[in-house]
Amino acid sequence: MKICIIGAGYVGMVTGVCFADGGNDVTFVDIDGEKVDKINRLSPPIYEDGLGEMLNRNSSRIRATTEYEVMAEADVIFLCVGTPSNEDGSINLSYVREAVRNIGRYVRDEWKLIVIKSTVLPGTTEGIVIPLLEKLTGKKAGRDFGISMNPEFLREGKAIYDFKHPDRIVIGAYDKKSRELLTMLYEPFGAPLFVTTPTAAEMVKYSSNALLATKISFANEVGNFCKKLGVDIYEVMKAVGMDHRISSYFLNSGAGFGGSCFPKDVRAIIAAGNEMGYDMRLLRSVMEVNEEQPLRMIGLLEKHVGMLEGKRIAVLGLSFKAETDDIRESRSIPVIKKLVEEHAIISAYDPLAMENMKEIFENVEYCKSADDALRNADGCLIMTDWTEFSHLNFGLMKKPVVIDGRHIVEEREGLIYEGICW
Ligand code: NAD
């Protein structure tokens, strides 16, 4: 099949390369010329384990361009552009609208399937995308072109595995022909298909992310309480997670959730609720716990280090989680911001994410290794669960104060150690 991917970011790249690996011809369209050049040079524009190898293996079936005309040749167009938050937390659909306007120019006489893969609020496909496409093309959705909503659930860092081995594939089909085509396209993955309406598919995505975020904030709230009680939250959650009704996933207490999805999606659903006159109280609390959580680490640090002014603080881990270079909404951002406000001297290290963080914070010493960041430090904050942080040389520090936000430090002898919730 000829597939066109609009937006070559984390979701678009992984989607396109995995479909190419299945024998489809894939063309990426992105407004970012640098990304396009990189793809054409067979160098992935984002870091994702195994992506480079798969891109190279399928080079004969992959190309990238900034020109939308290539859509004219496509059988299926996947829309994978970003849907970030506005200042007030509501969803910013400007990239989606712009991409849809461009798609509209190339939906002509041949039937095509347009698939919305970006995370969009319930009602967007039927209430915004379809009317816009029909107006631009003068054609009828479901008759002259197909349309479906197909949310993505991959985890960054494990994205290729997740895309190829999903728990389920959700197809929010507007019409029968697009349902059949998507079913055929996804058949090789052998995953259960869940076919529903576009609006329900949109809501599945928000409900999943909101529930996972809720589990994390719940584990953090209970963890904060357990710390006061002197009870080990990891011991508690191990037993809690053995209940099959609950499951053990997303019960790790720590510095909170970040990334490109959970915070923005929870904010978007809260804002949508407000707009419709419904106050999402539970989800507001989920966000509140998450905002406070990383700053607790500063409080714990001050307890052992005193005033932070002029103190050298090592921040280990800048990406929002291990195995990615993505720093969007990383919990290290509010922590570094606070350290800067307190006039601390910051030495930071991350195996992959330093270049991205340099774009936000200039006055941070970015170190070549964890050892360099720790050398002569008065305190250390562990923000990301990179495996290499389980064995660090804290002996290099001036004073071995370690505040662990990810329950990763294994050797604790001789340290002034505090876990955020344990
Ligand atoms: P991203 O920011 O990494 O990538 C978006 C890409 O779209 C960028 O390369 C950008 O240049 C491009 N773009 C923007 N406007 C364009 C236009 N008009 N035409 C062509 N290209 C355009 O975003 P992402 O993380 O891949 O997320 C994409 C969507 O998928 C979002 O809605 C997100 O919520 C959702 N999602 C993300 C993840 C994830 O883990 N990152 C997982 C599931 C769902």
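Structural remarks
- Selection within the stretch 149-171 - open to solvent by less than 80 Å² (accessible area, probe 1.4 Å), charged (D, E, K, R) and touching a residue at least 12 places away in the same chain (Cβ under 8 Å): Glu152, Glu156, Lys164, Arg168
- Residue that is farthest from Ile31 (Cα to Cα), among those in the stretch 85-102 that are more than 10 Å from the ligand (Cβ to nearest atom) and charged (D, E, K, R): Asp88
- Some residue of the stretch 60-83 being assigned to a helix (DSSP H, G or I), in contact (Cβ under 8 Å) with a residue 60 or more places away in the chain and among the hydrophobic types (A, V, I, L, M, F, W, C): yes
- With respect to (1) of a type in the set (Val, Ile, Thr); (2) within 14 Å of the ligand (Cβ to nearest atom); (3) open to solvent by less than 10 Å² (accessible area, probe 1.4 Å), the lone exception for Val70 is condition (3).
- Residue check for Thr119: surrounded by 21 or more Cβ atoms within 10 Å (Cβ to Cβ), in contact with a strand residue (DSSP E or B) (Cβ under 9 Å, 6 or more places away or on another chain) and in contact (Cβ under 8 Å) with a residue 24 or more places away in the chain: yes
- Residue match in the stretch 4-17 (condition: surrounded by fewer than 22 Cβ atoms within 10 Å (Cβ to Cβ), part of a helix (DSSP H, G or I) and in contact (Cβ under 8 Å) with a residue 60 or more places away in the chain): no
- Residue in the stretch 149-158 that is of a type outside the set (S, T, N, Q) and away from the ligand (no atom under 12 Å from the Cβ) present: no
- Verdict on Lys117 being assigned by TED's automatic domain parsing to the domain that holds Cys80 and more than 15 Å from the ligand (Cβ to nearest atom): no
- Subset of the stretch 18-41 [more than 14 Å from the ligand (Cβ to nearest atom), under 11 Å from Ala64 (Cα atoms) and in a helix (DSSP H, G or I)]: Asn40
The values are calculated or read from the model by the stated rules, or taken from the named source; none is laboratory data. The structure displayed is predicted, hence computed values, not measured ones. A quick note on method: Cβ atoms are made from the backbone with ideal geometry, for glycine too, and the neighbour counts reach across all protein chains shown. Keep in mind that these areas ignore ligands, DNA and RNA; they rest on the heavy atoms of the full protein, side chains included. Shrake-Rupley method; radii C 1.70, N 1.55, O 1.52, S 1.80 Å.
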